[in-house]
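The values are calculated or read from the model by the stated rules, or taken from the named source; none is laboratory data. Keep in mind that what you see is a predicted model, and the values were worked out from it rather than measured. Using ideal geometry, Cβ is built from the backbone for each residue, glycine included, and neighbour counts are taken over all protein chains shown.
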Amino acid sequence: MFKKISLPTQIIIGLVLGLVFGLVIIKFGLDPSFTLDFIKPVGTIFINSLKMIAVPLVFASLVIGVSNLGDISKLSRIGGKTLFAYLVTTIIAISVGLLLVNLLRPGESLPQSTRDNLLSLYDDTVGTKASQAAQVNQQGPLQPIIDMVPENIVKAAADNGSMLQVVFFAIIVGIALLQIPKEKAKSFTSFFDAFNDVIIKIVEYIMLIAPYGVFALMASLIVEIAGENPDSAVELLFALAKYSLIVIGGLVLVVAGVYVVILKSFTKLPVKDFFKAIRPAMLLGFSTSSSNATLPVTMRQVENEIGVSEEISSFVLPLGATVNMNGTSLYQAVAAVFIAQALGMDLTLSQQLTIVLTATLAAIGSAGVPGAGLIMLIIVLEAIGVPGAGVALIIAPDRILDMFRTVVNITGDVVVCVAVASTEGELPDGLIRQSNPFTPNLENKE
């Protein structure tokens, strides 16, 4: 019976049951050790399985995607459109966040006692993040460009946090394939084409445990937020409710006011059907908080359900999962101003413009994995003269907000992908494919 339920519905059921399970543990004061020792590992295995295939999928997809473009001019044209769209949407997202947080000023409503307790509670965590951010902040202005070029591609491939280096190397390999004789390149591209199909098949296996993994992730998250004081999770969420709602509201505005406009302007796709088609990827992104981990499912839905050509999706989506972080950028803008307000600091116009610039660059350098946004946030704070330790104020709801902003990151990647595909004539006219987008169908396109 359970097998007849569609995949997104199974994931939703897993989310809800995990939430209920975690709240029951907290409410009745049950021992959380069973959840952390026997349930959380299921979620960890699920995420690790997705991360396991992230690097090979990105590398193989980009090599095939670039080589399939046929010539350098097409690569330049598509790459230019993609990067321009990512840059514009990121700046708009940051601006939306700054507008909302300055109008509603949530930091001024945060009680001093709550602020002091949070600073004390998360002192160790802040120190760890701050030390990592300090290393990045001491580097030169061109360091992000230097970091794009791997000194050891094998070492870079072994670290999901070095995905930008893998992307750089894959693009270089793809460009080289365009410039060598086709008969020599054919055997190389055939291997990676088959390799990519193998990875997609592995995705099918991993998605079989998605509902159980999501249940485990949500249940353990709720239990861990509570910590040693069962009431702390609820207290922190209420204390930071206004801030959290502003972040979520900003994310909704970006989706409704930016992504929908792009869809209507550049494609003929019905908005409702578009979101139905990518719902599995959005739900998975919500539960994993990782653009990289969700990438295999995102690519599957875009190709099989929306009908974007593989040469476009295999270039635009892996690049987006690495450099396009609209949701994260908006969150960093809201969080930075919120922390300044909570600490009684008034930011000047130049400081807020600095947030736009720094958050945009941080989005490019931020890894698509859970928690990476906190490190980049400290860099943004230091750039505007706000103590980095202030990040402790927003750590409590950060994991939950990370889930929402990851959904926006993924949605932004897909919107840009279909827009670019439409301008290149690589998107079918009319409705989205109706091959039942609610089932984990991983068959290749016809």
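Some points to look at:
- With respect to being farther than 29 Å from VAL316 by Cα, out of contact with any Asp or Glu (no Cβ under 9 Å at 6 or more places or on another chain) and at pLDDT 90 or above, LEU100 fits the description.
- Test: residue in the range 212-228 that is on the phi > 0 side of the Ramachandran plot, surrounded by fewer than 20 Cβ atoms within 10 Å (Cβ to Cβ) and at pLDDT below 85: yes
- Extreme residue, surrounded by the most Cβ atoms within 10 Å (Cβ to Cβ), among residues of the range 15-41 that are within 22 Å of the chain's Cα centre (by Cα) and at pLDDT below 85: LEU15
- Per the listing LYS81, LYS40, LYS51, the residue uniquely of a type in the set (D, E, K, R), touching a Leu at 6+ places or on another chain (Cβ under 9 Å) and in contact (Cβ under 8 Å) with a residue 40 or more places away in the chain is LYS40.
- Candidates are the residues of the range 257-273 that are of a type in the set (Val, Ile, Thr) and touching a helix residue (DSSP H, G or I) at 6+ places or on another chain (Cβ under 7 Å); the one that is surrounded by the fewest Cβ atoms within 10 Å (Cβ to Cβ) is VAL271.
- If the condition is being within 19 Å of the chain's Cα centre (by Cα) and aliphatic (A, V, I, L, M), then the range 46-65 contributes ILE47, LEU50, MET52, ILE53, ALA54, VAL55, LEU57, VAL58, LEU62.
- Checked against (1) exposed (fewer than 13 other Cβ atoms within 10 Å of the Cβ); (2) charged (D, E, K, R); (3) at pLDDT 75 or above, ASP124 passes all but condition (3).
- Considering the range 171-201, the residues that are in a helix (DSSP H, G or I), among the β-branched types (Val, Ile, Thr) and without any contact (Cβ under 8 Å) to a residue 60 or more places away in the chain include one that is nearest to MET299 (Cα to Cα), namely VAL198.
- Residue match in the range 313-329 (condition: at pLDDT below 75 and either among the polar types (S, T, N, Q) or outside any helix (DSSP H, G or I) (or both)): yes
- Conditions (1) surrounded by fewer than 18 Cβ atoms within 10 Å (Cβ to Cβ); (2) of a type in the set (S, T, N, Q); (3) modelled with pLDDT under 90: number failed by ASN304: (1)
- Any hit, the range 48-69, residues being of a type in the set (D, E, K, R) and either within 23 Å of PRO150 (Cα to Cα) or surrounded by 15 or more Cβ atoms within 10 Å (Cβ to Cβ) (or both): yes
- Those residues of the range 181-208 which are closer than 30 Å to THR35 by Cβ and buried (at least 16 other Cβ atoms within 10 Å of the Cβ), in sequence order: ILE202, VAL203, ILE206, MET207
- Hey, LEU283 under 14 Å from the mean Cα position of the chain (by Cα), at pLDDT 85 or above and closer than 24 Å to LEU75 by Cβ or not: no
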